[in-house]
Ligand SMILES: [Zn+2]
Ligand SMILES: [Zn+2]
């Protein structure tokens, strides 16, 4: 094929796109709902809408910086800097204090089925942990005082909120406070300004960033947590604190939902590390979306490619990254030494 005929085909394709655009503009003027992308066309990645983030989600105004993806693509990224606290909300409560506490004064945890809603960590739940997990060794309370054993100090938090739980902190309900973070604690997220579809999906480390500026975490090391007879308690929003990630979510419990359309689609909860939107599982009618790909993504005319979060107890937000991501900045290894692993695999 000659260069000239290639160029000609290019011009024809371009003209067709232009006509498609005009036709939709025409439709729109006649009251047909507006679509960003014509049916059948490959949807253009939409990218991040900064206006959807909560006020005070960031400690610095987001800027655009040069970045390179793990796959080696040089591109531009939003640089988000946060202080590890959810904007507009005080985290907690997490662990109940006595075995008679109700759901209103305590948080939540994954269901043992690994699906559906979170379960409330009531005092009764603490009492029945042995039955719940089918292991009578569970004993996260003092039988005399009926006080729940929980991590009440920074030292206890540090000793317990990691996979290799120190012996003295086993049999504990784990909770940590934002006050345990270093004074200069900050997190930096680099997310491509325009999502780049990857040649092949990749494994999720940090899933992304919630609209309140905190991390949508990779999976919690649930076997290590339960194996130490600990509960890494969430608050009712599905998040908890450690000194490495700050406050971070393991579950989409609805606390950062924000609707970005009026078409009945599920609300946005945040953005994945590859820049695609992560939406809630259920649409405006309360119906869970269906027909997702392995990454929990789908494509529609309004949003282009986007994800829908897993149910709250599934210990994940998305199944894989559809797009290219940038390796997290800062030390990648275990903060206290040990083998190099992704940050998400080190902490609860
Ligand atoms: Zn959708
Ligand atoms: Zn965690």
task = Identify all residues within region 148-185 that are more than 24 Å from the chain's Cα centre (by Cα) and in a helix (DSSP H, G or I); write none if there are none.
result = 154, 155, 156, 159, 167, 168, 169
query = Applying the selection to region 258-285, what residues are more than 18 Å from residue 204 (Cβ to Cβ), in contact (Cβ under 8 Å) with a residue 40 or more places away in the chain and either out of contact with any strand residue (DSSP E or B) (no Cβ under 8 Å at 6 or more places or on another chain) or not in a strand (DSSP E or B) (or both)?
reply = 260, 261, 263, 266
Single match in 321, 317 (criterion: away from ligand 1 (no atom under 15 Å from the Cβ) and in contact with a strand residue (DSSP E or B) (Cβ under 8 Å, 6 or more places away or on another chain)) = 321
query = Would you pick out the residues in region 251-269 that are in contact with a helix residue (DSSP H, G or I) (Cβ under 9 Å, 6 or more places away or on another chain) and either over 19 Å from residue 82 (Cβ atoms) or within 16 Å of ligand 2 (Cβ to nearest atom) (or both)?
reply = 251, 252, 253, 254, 260
inquiry  = So in region 289-301, with the set limited to residues that are farther than 17 Å from residue 322 by Cα and surrounded by 13 or more Cβ atoms within 10 Å (Cβ to Cβ), which one is farthest from ligand 1 (Cβ to nearest atom)?
reply    = 301
task = Working only within region 43-93, note down all residues that are part of a loop (DSSP other than H, G, I, E, B) and free of Cβ contacts under 8 Å to residues at least 12 places away in the same chain.
result = 61, 72, 90
key: Matching residues in region 97-146 - criterion: being assigned to a strand (DSSP E or B) and over 23 Å from residue 249 (Cα atoms)   = 98, 141
ask   = Identify, please: which residue in region 220-238 is closer than 21 Å to residue 93 by Cα and part of a loop (DSSP other than H, G, I, E, B) and is, among those, farthest from ligand 2 (Cβ to nearest atom)?
value = 229
task = Look at residue 267 and say whether it is at pLDDT 95 or above, buried (at least 22 other Cβ atoms within 10 Å of the Cβ) and either within 15 Å of ligand 1 (Cβ to nearest atom) or within 29 Å of residue 176 (Cβ to Cβ) (or both).
result = no
request  = Answer yes if at least one residue in region 240-259 is modelled with pLDDT under 95 and within 16 Å of ligand 1 (Cβ to nearest atom), and no otherwise.
outcome  = yes
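The values are calculated or read from the model by the stated rules, or taken from the named source; none is laboratory data. Owing to the predicted nature of the structure, the values given are computational and were not obtained by experimental measurement. No Cβ is skipped: glycine too gets one built from the backbone with ideal geometry, and neighbour counts run over all protein chains shown.
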